[in-house]
1. Being small (Gly, Ala, Ser) and surrounded by 16 or more Cβ atoms within 10 Å (Cβ to Cβ) is the filter here, so list the residues in region 419-442 that pass it.
2. So which pairs qualify, if the first residue must be in region 106-121 and assigned by TED's automatic domain parsing to the domain that holds ALA139 and within 21 Å of GLN132 (Cβ to Cβ), the second must be acidic (Asp, Glu) and crowded, with 18+ Cβ neighbours inside 10 Å, the Cβ gap must be under 7 Å, and the two must be at least 6 apart or on different chains?
3. Is it the case that region 189-205 has a residue that's surrounded by 23 or more Cβ atoms within 10 Å (Cβ to Cβ), assigned to a helix (DSSP H, G or I) and more than 19 Å from the chain's Cα centre (by Cα)?
4. Please enumerate the residues belonging to region 297-320 that are in contact with a strand residue (DSSP E or B) (Cβ under 7 Å, 6 or more places away or on another chain), part of a loop (DSSP other than H, G, I, E, B) and under 16 Å from SER72 (Cα atoms).
5. Based on what the data block shows, is ALA293 at pLDDT 90 or above, touching a Leu at 6+ places or on another chain (Cβ under 8 Å), in the same structural domain as GLY59 (by TED's automatic domain parsing) and not in a loop (DSSP other than H, G, I, E, B)?
6. With respect to SER92, is the statement that it is outside the structural domain of ASN429 (by TED's automatic domain parsing) and either in a helix (DSSP H, G or I) or closer than 18 Å to THR413 by Cβ (or both) true?
7. Please enumerate the residues belonging to region 225-267 that are of a type in the set (Phe, Trp, Tyr) and part of a helix (DSSP H, G or I).
8. Within region 67-87, restricting attention to residues that are in contact with a Phe, Trp or Tyr (Cβ under 7 Å, 6 or more places away or on another chain) and surrounded by fewer than 24 Cβ atoms within 10 Å (Cβ to Cβ), which residue is nearest to PRO46 (Cα to Cα)?
Amino acid sequence: MAILSARRRSAAISVAAVAGLAAAGVGLAVGGASAGTVSGSLYRDPSSAVVRWVAANPGDSRAAVIRDKIASQPQARWYANFNPSTIQSEVSSFIGAANSAQQIPVLSVYEITNRDCGGASAGGAPDLNQYQTWVSNFARGLGNQTVLIILETDSLALQTCLSTSELNARNQALTTATQTIKSANPNAKVYLDGGHSTWNSANDTANRLRAAGVQYADGFFTNVSNFNPTSSEANFGRAVISALNGMGISGKRQVIDTSRNGGAAGDWCADDNTDRRIGQYPTTNTGDANIDAYLWVKPPGEADGCRYTAGSFQPDLAFSLANGAPNPPTTAPPTTNPPTTAPPTTAPPTTAPPTTAPPTTPPPGGNGCSASVAINQWNGGFTASVNVTAGSASINGWTVTIALPSGAAITGTWNAQASGTSGTVRFTNVGYNGQVGAGQTTNFGFQGTGTGQGSTATCAA
């Protein structure tokens with residue numbers, strides 16, 4: 001990924017369109033449903049810039065906070081380079097890793113011609129014919145399992161640089177891109193650009209979505225790279241959905257970028273603002289039938305293009321966002337995290353071996369804890385997901401001992417600290433997952449080379 005969308009204009013907006021909905025509040029289930037149309041854990045990109053930075057800077061005073069509150073979380077993988085000859089294989093590799101982990105990947109497509117109207121994140125396909133070629137190749141790598149596609153940030157909310165004919169051509173391109181992706185993978189969830197709650201009005205946004213083919217998509221996304229509170233975005237989304245319903249377009253849902261909306265709102269550029277905080281941790285469990293997911297589309301710590309190059313990872317920005325923010329959930333992390341280092345270049349087998357192994361020890365009947373390990377093996381390497389379960393009393397701190405088969409070696413760990421890399425390896429909790437309630441479970445994982453099948457786990461509290 002070279003660059004990310006950064007240009008987010010703020011504009012005055014009449015709140016009349018959403019005033020009647022404001023009392024509903026975020027988190028309210030609609031129609032008796034407890035959540036949107038997506039369920040399952042989200043996939044954490046094992047080669048994101050923040051993960052690589054944490055691995056390369058273990059002694060940095062900011063590393064623990066950035067690791068625990070940002071690098072531990074699933075974020076979108078951006079596809080922003082015009083690379084029609086390689087995009088299929090790049091996507092296929094990423095999707096394959098997520099499928100092997102039995103988790104849902106989030107992909108942000110940022111390739112539309114004349115993106116960002118030539119601003120800090122200018123670029124994209126040279127023309128719309130080449131854009132369609134790129135999208136077709138991208139779609140062929142998506143597999144057939146659930147994926148979330150954030151299709152072209154700013155493409156609808158920011159149109160000031162387009163003539164009428166250019167706008168019509170863009171709308172057709174987005175419609176065709178949506179249909180191409182859905183045809184290649186019917187389980188893909190495609191969301192179009194809805195701007196945010198302080199940009200265009202809900203009715204204007206609905207009209208733009210309709211013109212761009214939202215009837216063929218699953219819904220729209222809002223607040224990417226912005227800072228508006230989740231409640232404001234949810235109310236705005238309801239107003240957009242209501243307007244779409246009035247146009248005869250029903251069943252559309254929203255996803256909200258919560259990566260930087262836990263602090264101050266206002267000016268779109270975060271590079272010089274130390275009042276921002278990470279917001280809601282990523283999850284598909286929204287409790288709102290209108291909202292499919294809260295996502296970190298804009299990776300926290302990646303710049304907007306004001307003081308730093310757009311899309312570059314800056315640890316001081318990441319630390320500012322994470323420092324003082326709440327810890328991730330302690331008893332039910334939002335994802336079973338994949339490795340902190342990139343997976344091996346040898347692809348997993350096309351017929352994946354079973355990813356769930358029986359517990360190596362039975363659940364404890366009294367005090368203390370138990371551990372079970374599940375191995376996902378591929379040719380030359382593996383990932384391991386380890387569940388730590390408290391007994392009849394809560395625990396405050398745990399140590400899990402893993403006996404690895406001969407020849408296996410650990411190359412990366414997440415949600416735990418490892419002592420050793422081969423043979424018998426001890427894992428201890430990190431700051432946010434040491435306390436486990438009675439009968440509750442927390443999780444950590446690791447990646448390794450060789451064969452992980454046959455690993456055994458024991459736990460001490």
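1. GLY434 - this is the single residue of region 419-442 that is small (Gly, Ala, Ser) and surrounded by 16 or more Cβ atoms within 10 Å (Cβ to Cβ).
2. If the second residue must be acidic (Asp, Glu) and crowded, with 18+ Cβ neighbours inside 10 Å, the pairs left are VAL109/GLU152; TYR110/GLU152; ILE112/GLU152; ARG115/ASP154; ASP116/ASP154.
3. yes
4. Passing the criteria: VAL297, LYS298, GLY301.
5. Yes.
6. Here the answer is yes, as SER92 does meet what is asked.
7. The one that is of a type in the set (Phe, Trp, Tyr) and part of a helix (DSSP H, G or I): PHE236.
8. The residue in question is ARG77.
The values are calculated or read from the model by the stated rules, or taken from the named source; none is laboratory data. The model shown is predicted, which means the values in this text are computed figures rather than measured ones. Virtual Cβ from ideal backbone geometry, glycine too; neighbours counted across all protein chains shown.
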